[in-house]
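The values are calculated or read from the model by the stated rules, or taken from the named source; none is laboratory data. The structure presented is a predicted model; accordingly, all values stated were derived computationally and were not measured. Note: ideal-geometry Cβ built from the backbone for every residue, glycine included; neighbour counts use all protein chains shown.
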């Protein structure tokens, strides 16, 4: 049609903007909620953006579970390249060894480049201003350790940090899930509140794209883990109505 423009979105963008039915395609209340217990009380005195903290936790867990740095930090590197900061990004990556202070500070600065890749240059904030304080560093370490404990109970990890590309979809182009275990696909959400319908839709989209790209899989559940609240949200795939799957495939993702 003359003059028509089809916009392509990431999974996160599409899930966040799509107008869902009342309560959402997958109501958060329909997920089983499991609270894990420990003696850790996170500080409320964080001084960097929560999105950076979430990425830092996610990427460090992937790295600690044996993924190559070039794979873990590929989005950060892509963003740095767009503004001529590849050398800076590589120096930060070389500083990342484990859960020591220098590693965490370097990690927080590095993920600052992600905004360029994910949202464009206008979303970038100079990484020189990203200087996590002691409380922020400790919170990140606590949440990484919580995630490791969670994965001991619900793992092992079969695959982590996979990029999902759609084939012949009208609306969604790309996304990246966090973990796949023996029978579940997981998304990591480092948020202060309970999950919302945009989060459950994002998770469902990941599952549907993964299933389309991998006809043979053993996935029986989808889940979200929030290390900030130390809470698991999980749902059996067999409980999802086929009409919902069909509608999300067609109207949200744009599969023909």
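For every residue, the table says whether it meets (1) closer than 24 Å to residue 123 by Cα; (2) without any contact (Cβ under 8 Å) to a residue 12 or more places away in the chain; (3) part of a helix (DSSP H, G or I).
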| residue | (1), (2), (3) |
| --- | --- |
| 58 | yes, no, yes |
| 81 | yes, yes, yes |
| 89 | yes, no, yes |
| 93 | yes, no, yes |
| 102 | no, yes, yes |
| 106 | yes, no, yes |
- Query: Quick check: anything in the stretch 186-195 at positive phi, modelled with pLDDT of 95 or more and surrounded by 15 or more Cβ atoms within 10 Å (Cβ to Cβ)?
  - Reply: no
- Check on residue 124, in contact (Cβ under 8 Å) with a residue 24 or more places away in the chain, over 23 Å from residue 10 (Cα atoms), touching a helix residue (DSSP H, G or I) at 6+ places or on another chain (Cβ under 9 Å) and not assigned by TED's automatic domain parsing to the domain that holds residue 208: no
- Item | Of residues in the stretch 216-256 being modelled with pLDDT under 95 and surrounded by fewer than 16 Cβ atoms within 10 Å (Cβ to Cβ), the one farthest from residue 138 (Cα to Cα) | 256
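Yes/no matrix, rows are residues, columns are (1) surrounded by 15 or more Cβ atoms within 10 Å (Cβ to Cβ); (2) in the same structural domain as residue 107 (by TED's automatic domain parsing); (3) out of contact with any helix residue (DSSP H, G or I) (no Cβ under 6 Å at 6 or more places or on another chain); (4) at pLDDT 95 or above:
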| site | (1), (2), (3), (4) |
| --- | --- |
| 4 | no, no, yes, no |
| 27 | no, no, yes, yes |
| 31 | yes, no, yes, yes |
| 43 | no, no, no, yes |
| 65 | yes, yes, yes, no |
| 75 | yes, yes, no, no |
